[in-house]
1. Which of the residues spanning segment 334-348 are within 17 Å of ALA295 (Cβ to Cβ) and surrounded by fewer than 19 Cβ atoms within 10 Å (Cβ to Cβ)?
2. Can you name every residue in segment 250-259 that is assigned to a helix (DSSP H, G or I), within 14 Å of ligand 1 (Cβ to nearest atom) and surrounded by 21 or more Cβ atoms within 10 Å (Cβ to Cβ)?
3. In this structure, is GLU107 at pLDDT below 95 and in contact with a helix residue (DSSP H, G or I) (Cβ under 6 Å, 6 or more places away or on another chain)?
4. Taking segment 232-245 on its own, how many of its residues are more than 18 Å from LEU194 (Cβ to Cβ), touching a residue at least 24 places away in the same chain (Cβ under 8 Å) and open to solvent by 20 Å² or more (accessible area, probe 1.4 Å)?
5. Can you pull out every residue in segment 10-19 that is closer than 19 Å to GLU83 by Cα and within 17 Å of the chain's Cα centre (by Cα)?
6. Can you pull out the strands (runs of 3 or more DSSP E) entirely within segment 155-249 that have at least 2 residues that are more than 18 Å from ALA97 (Cβ to Cβ) and modelled with pLDDT of 95 or more?
7. I'd like to verify a number: residues in segment 203-229 that are among the charged types (D, E, K, R) and open to solvent by 80 Å² or more (accessible area, probe 1.4 Å), how many?
Amino acid sequence: MKIAILPGDGIGPEIVAQAVKVLNALGESFEMETAPVGGAGYEASGHPLPEATLKLAQDADAVLFGAVGDWKYDSLERSLRPEQAILGLRKNLNLFANLRPAILYPELAGASTLKPEVVSGLDILIIRELTGDIYFGQPRGVRICPDGPFKGQREGFDTMRYAEGEIRRIAHVAFQAAQKRDKRLTSVDKANVLETFQFWKDVVIDVHKEYPDVALDHMYVDNAAMQLVRAPKKFDVIVTGNMFGDILSDAAAMLTGSIGMLPSASLDANNKGLYEPSHGSAPDIAGKGVANPLATILSAAMMLRFSLGKPEQADRIEDAVKKVLAQGLRTPDIYEAGTTKVGTVEMGAAVVQALS
Ligand code: NAI
Ligand code: MG
């Protein structure tokens, strides 16, 4: 089994090193190859997604990705910025399904900004469509406004669109994920205002016929945002489009206390995937040895479960993470009085120690 390791920028290399350490401790024979991406790719070859890096990712069974981006590249033209690497990987590998579990570990209940009774026991899964919607729709740009009261002025415009097949495949992923959980799916849309999302809703209702054991409901995105902070435990699985999912999944991330705890999987139709923490490259703490590596380590566990067919190894990693939290070990982002503050490397080593 071949894993492409793309550490990237900022804290990326620090946290990915810990996940690799954990993978190496499992006693499996993975073939791992590392390549530069993002700002590191730009430095190495003049492009954030070097051809050799893309080829490595395409040939591998799974990709473990750190994070990309640094303020020092802000003055580059858009196509050369580090963030283009992750967009390019998603599009080239056809990674249309982004799975973000938001789980609150009981030991971290005090780290959330919400009341413990609102978030304790939280275990929800947000599924975001990742390669369509207004983020990719054409045409887009700045033009002279052709009509209305602002006719003749410049206007910016983008295009929201979803093809039926695009909605169907993400709906299947969502219904199947719900079948493995609490069998409840909430499809989030804005069908009251947007044609695209009335169509989304109609197609999801049609796909539901194939999954009669799953309870489906529909919620407008503004209400979903409200419910996520009011009563997040009412959800089980949420499925939504690219833009709504971007916003809702970041909001859900904060229910659990720290973005340093949240893994993600981005899958294609054959469960090949790219696995990365939900956070970015955190340039403000890069090089200090304090970044929380658990989101990346938990992403490696998702990789074992979804792409490498090793669910028992995924369980081992997740159990080890629970164990180190129960031992009271905390990186600064999740530190509370009475716990033990550790750095990135110590946290990685503790997870390796805790593997049964
Ligand atoms: P960020 O997620 O990198 O950081 C936000 C805050 O969370 C910072 O205070 C940071 O120190 C903290 N943080 C993040 N991860 C942490 C960890 N593992 N442990 C402890 N604290 C952690 O988001 P920000 O600051 O908006 O973006 C920084 C750079 O990352 C930008 O260049 C941005 O474009 C890029 N980015 C890349 C992503 C990716 O590679 N998929 C996703 C999001 C942002
Ligand atoms: Mg986001």
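The values are calculated or read from the model by the stated rules, or taken from the named source; none is laboratory data. This one's a predicted model, so the numbers in the text were calculated from it and none came from an experiment. Heads up, the Cβs are rebuilt from the backbone with ideal geometry, glycines too, and the neighbour counts pull from every protein chain shown. We work out accessible area using only protein heavy atoms, side chains counted, and drop any ligands, DNA or RNA first. Shrake-Rupley method; radii C 1.70, N 1.55, O 1.52, S 1.80 Å.
1. Correct list: TYR335, GLY343, VAL345, GLU346.
2. ALA253 - this is the single residue of segment 250-259 that is assigned to a helix (DSSP H, G or I), within 14 Å of ligand 1 (Cβ to nearest atom) and surrounded by 21 or more Cβ atoms within 10 Å (Cβ to Cβ).
3. Here the answer is yes, as GLU107 does meet what is asked.
4. 1
5. Passing the criteria: ILE11, GLY12, ILE15, VAL16.
6. 215-220
7. Qualifying residue count for the region: 3.
Residues are listed down the side, and each one gets a yes or a no for (1) within 16 Å of ligand 1 (Cβ to nearest atom); (2) over 9 Å from ALA19 (Cβ atoms); (3) crowded, with 20+ Cβ neighbours inside 10 Å; (4) at pLDDT below 95:
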{"position": "GLY289", "(1), (2), (3), (4)": "yes, yes, no, no"}
{"position": "PRO293", "(1), (2), (3), (4)": "yes, no, yes, no"}
{"position": "SER299", "(1), (2), (3), (4)": "yes, no, yes, no"}
{"position": "PRO311", "(1), (2), (3), (4)": "no, yes, no, no"}
{"position": "LYS322", "(1), (2), (3), (4)": "no, yes, no, no"}
